[in-house]
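Reading through the C-alpha cells given below for one structure.
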Amino acid sequence: MWFTLGVEGNTDDEVGETTPASDDAADPSLVRLRDCVARRRAELGLSQRALAELAGVSLGTATRLERGGGPIRVSTVPKLEDALEWPRGTFQAIRDGQDPPKIPPRGRERAAPAAPGPSSAMRNATQYGQALSIASAVVAISAVCLEVLTSDLADASARVAALNALDSNMREMESLIAASLPDADSFDDAIAVMREVHESRESIQKAAESLK
C-alpha cells in the first residue's frame, strides 16, 4: 500500500522498486502537504536527517516527502506523523483541506553536550578527511586552470590535453562528493553540487571534442 506524493519515474529506496508515474504530480493537496511538513519540521528544529532518524525511515524517504519525489508506504506515514508530533491521520486531513493541528513542540531538555563517543568521533574524522580530499581536488583543478590561463596553448592538441586534465580532476571531485553523501548534512544540497560538477564536466568534454 502506498501514500501517493506523485512524481514520474522515481523509486522508493525502502523497497528498491520503480514506482509508477502518477497523474497527480501537480495536485495542490500534495503541494500543501509538503509545505506543511517543511514548516512543521522547521518549527521542531529538525533537519531532514533528524526527522528520518526520529521516524525510523531512510533519509531518502524524508527528503522525498518534501519534494514530492514519489509515493511512500502507507505504513511509513504514521511514523512520520509521530516524528512531527502530529496525531495519526494528519497527513490525510491536510490533503483533504484541513489546517495542520497547532500543537506546541514537546519540551526537549537541553542538556549539556555530551563528550563525543567513538561513533561520533569517527564520523567527524570521516567528514574531515572528505573535506581535505575535496579541497585537494579543488587545488588540482585550480592548478590546471592557472596553467591554461598563463600558457600560450596555440596548439589544439595542447588545449585538448589541458581540457582532459581538467575533466579528470573534475571527475575526481564528483566521486568525492558522491562518497560524502551518507555524511552530508543536507542531502539535497550535496546532490545539487554534484549535478553542477557533472554538467561542468559535460561542457569540458564537448569543448575537447570540438578541438579534435
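Once the C-beta distance of Asp96 and Ala38 is scaled by a Förster radius of 22 Å, the resulting FRET efficiency is 0.70 to the nearest 0.05. On the beta carbon distance between Asp82 and Ala135, with R0 = 41 Å, the FRET formula returns roughly 0.50. Here the simple spin-label model places points 7 Å from the Cα toward Cβ, and for Ile103 and Ala161 these points are separated by 6.7 nm.
Spacing of the modelled spin labels on Lys212 and Ser142, each 7 Å from Cα toward Cβ, amounts to 3.2 nm.
Here's how it looks for Arg73: its modeled amide H is under 5 Å from those of Phe3, which are all 5 or more places away or on a different chain.
Using a Förster distance of 22 angstrom, determine the FRET efficiency expected from the C-beta separation of Gln205 and Asp152, and round it to 0.05. Mind dumping the intermediate values first?
Numbers: r = 24 Å, r/R0 = 1.07.
Result of the calculation: an efficiency of 0.40.
Values in this text are rule-based calculations from the coordinates and carry no lab data. Everything numeric in this text was worked out from a predicted model, so none of it was measured. Glycine also receives a Cβ, built like all others from the backbone with ideal geometry; neighbour counts cover every protein chain displayed.
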